[in-house]
1. Between A:L171 and B:A91, how many nm apart are label points set 7 Å from Cα along the C-beta direction?
2. Restricting to Cα pairs below 8 Å that are 6+ residues apart, what does the relative contact order work out to for the stretch B:186-255? Please round to a whole percent.
3. With springs only between Cα atoms under 10 Å apart, run a GNM on chain C and tell me which of C:F127, C:F74, C:F12 wobbles the most.
4. Where Lys and Arg each count +1 and Asp and Glu each count -1, what net charge lies around B:Q216 among other residues with Cβ under 14 Å from its Cβ?
5. At a Förster distance of 51 Å, what's the computed FRET efficiency of B:A141 paired with B:S37, Cβ-Cβ distance as r, to 0.05?
6. Per-residue mean of other chain beta-carbon atoms within 10 angstrom of the beta-carbon, peptide C:299-306?
7. Could you check the simple spin-label distance between A:N157 and B:Q157, using points 7 Å along Cα→Cβ, in nm with one decimal?
8. Take the Cα of B:D197, step 7 Å along the line toward its Cβ, and report every residue of the stretch B:165-180 whose backbone nitrogen sits under 11 Å from that point.
Amino acid sequence: MQGRLQWLVGLAMSLVLGASQAATISLRGDDGVLLTLDKPATRVVTLLPSLAEVVCDLGACQRLVGVDRYTNWPPQTAAVPVVGGGLDPQLEAIFRVKPDLIVMAPSSRVIARLRDLGLPVLALEPKRMADLKRTYSVIGQALGIATADQQFQALQNGLKGVRAAVVKEWLGKRVYFEVSDELYAAAPDSFVGETLTALGFENAIENGFGPFPKVNPEWVLRAQPDALIVAEGTQKGLASRPGWSGMRAVRAGRVCAMSQTEADALVRPGPRLIAGARWLVNCINEMPPPAGSE
Amino acid sequence: MTTPATPKPLLVIKDLSVSLEGARRSTKVAPVPVLRSVNLAVEPGTWTAIVGPNGAGKTTLLRACANLLGRRDNISGTIALMGVPLGSWAAKDLAVMMAWLGTADAFSDGDLSALTAWDVVALGRLPHQRWWPALAPLTPADEGVIQAVMMQTHTWQLRAKPLMQMSSGERQRVHIARALAVKAKMVLMDEPLLNLDPPHQAEWIQLVRSMAASGQAVVSVLHELNAALYADKVVVLVGGRITCSGAVSDEKTRAAITDAFSNRIEIRQLDGHWVALPRL
Amino acid sequence: MKTTSAAALLFFASVMVCLIGLLVGGGNFQWPWVAGQDAVTATIIGEIRAPRSVGAWAAGSLLGLAGAVAQGIFRNPLADPYLLGSSSGAALAVALCLSAAGWLGADVAGAAFWGGLLAVGLSGAAFAGALLAVLLTVALAGGVAQGTRLLLGGVVVGVVLGALTSFLVFLAPNVLLNMQGFMLGSTALLNWSAVLRMTAIGAVCVLIAMSLAKPLDALQLGERTARSLGVPLGRINMAFIVLLAIVTGTAVAHTGLIAFVGLAAPHVVRAWLPCQHRALLLLSSLTGGLLLLTADVIARWIFAPVELPVGLLTALIGGGYLLWRMRRVGL
């Protein structure tokens, strides 16, 4: 009798413990620190634009109670209070919105201070496709959204679908993607570089100099990329860059000019990559492909 | 009549040669010597004036006496203060024995200094104060000395005035007072009469004479020959060498002085005093 | 005006501004005693505004002291606390730490090791970097005896270390934002332990500096005259340079680079109350504290809830006062 009672108590305790264990969420951020939440977060502050986009893509946009000043998509975020930037957040504003989760890029001093104040901070900074996958997974766990991984998979599938729409002659051609007017190009190692590769293009820039190397314009001229993808404002100045008027792509007008929105969509690791990729493929499809001999 | 025994010299310089580190024209050429084989003895209770043309090395000689040459300057020969080589003296002990008044250091740009005249003269008592002098206040004896020297230099009425508000003459007198406040056995002054008008120059001469009379040794580099001719001993320095050293009353000394200035001066006697006049 | 009354006045003014600082912030103006009932506001005032205000005062007083020391030993009215290369040293150390962490923590697991170290480590690294840069300057100048060589050495070290930092950033561009964020002058992230550290170091250093004030006065008469008065130039210079390095390093480690406070504070004191170094060091420290505190409060207040960079305010306040003063004196 005694033994059975003990056994029952033991079972009850393990059930209770098991239940409470099932309720707590353990999250490991990019800084390696473990964050434990009692329940899925309902008041979220994001201090990085891509993170806000991911949260909204997971359907939890209404849970955002604070965003950083650079967040500009989706339109619902405009109604959310701005609490400063990633490196200079306004502590008071954050505190006032009583978040139960803050997601931000690893910035040691700020994170240390926020944790000091007892706020739950998760450090995430998606820079590559693999990071984005992890971001979706971790944020999904934090928000208690079980479909997070599927959502990311949908992105991957969507990308495959966009690739299928690429005109055959353009597959394998070399493209040059410029992220900034000062000749900072995107290498295959960057998020947008991975997107370009996934779409079946070859990158005119090689790996080995970081994700966004500052390139020598002479080198690009010699590489003779088949298409150039630059910002709107830069497009006009392309021909006036020394020697570039002789570039085949410039002469033939095989230049895709991005607006700020399109640039954000492509460069920022986030759910908009499909929309960005679609725009890019449309732009490229419209351009006559380079002849085989070129 | 027996001559009174000459007092033992305070400072003895033997065969001093100095070449300054900054005076080297290139690393391959040997540095130009500024002083060559200088021999000098300074007795207590005397006023020695060092004269000579520009660039003769007068300031370097004075700095050598005060142990204020740069660490990289080449010095050969010996300088002994009371028998002990200068280099062996502890800084504090030397500071009590010797007071220094320089030119380049003399405060020309008073903008930064909010020190009052009293503060500056009080710094002259630093050698006598115990270590961590900020914690050791000035004793009444110190204050007495400060007041006395300020009255002697007619700077007492300026005591609350900051240095930056003074004229250059007033500042010079404050610096002289500071040098006097040390009450050192030997006082070395480089161009002390700069910026002083004739009445104050005359006062300085009287002051130095009384200092010598009370046993202090004063060595001054002077451009004003007429003041220098009041000294007990004149040392003539030309091209780094001492050409002559002795009393003005000595014909040889006067000849050496005239010679040092390329015979562009005449030394005449006037009412019992010697004066130097430019020879036109 | 006597030193003690001036010091008391500065301290009282600082307390007043600090109290105002407790009221100013995210836009909601609430009297503290009313706010006691609301836990969030109480935390905001007690844990964010209070340490930030007191911290700004503490950092400012460190910088004010450093500025007075720098101007004293170099006898140069343009000297500021960073002239021996401490700021470049701190920046380089922070950049090195960040890139090493980034390189070693390439995977999440590796980052875990550095995550904890980084929080305290970056401040510690900045402090160490500042000290090492000063050491390098002293070595380059061949000792502490000559002021001009030290100044020159400081310029060289500053430029070279700055170039190295740029090179590091070129190799690892992801370091740039984080490092700039760290070095950007900011009082926003000060907590109570930072305040404690800065105040403790500041108090000790002010006392030590004041006890060495007389030799610093003697130094104003010129290096030769100071030597003739028995001042051990080498040891005094060394003591002050070490003090300068520690004080500046502490300030930079906690608030990043805030310019102008160290430069302006001694001038403000001198313009108002000419005095010897014993008083100048203390009053400069208190003035620096008041200056940075005021700048911090205004930075939070004027366009609340948006915050202006505090360095902008220190330049405007300090520079503006000096400009006004210069015109009055007719310089």
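1. In this crude spin-label approximation the distance works out to 8.3 nm.
2. Taking the mean separation of contacting Cα pairs over the length of the stretch B:186-255, I get 27 percent.
3. Per the Cα network of chain C with a 10 Å cutoff, C:F12 tops the list.
4. +1
5. That gives a FRET efficiency of 0.75.
6. Mean number of neighbouring Cβ atoms from other chains: 2.
7. 10.3 nm
8. B:169-170
Values in this text are rule-based calculations from the coordinates and carry no lab data. Only a predicted model underlies this, so the values are computations on that prediction, with no experimental measurement involved. Glycine also receives a Cβ, built like all others from the backbone with ideal geometry; neighbour counts cover every protein chain displayed.
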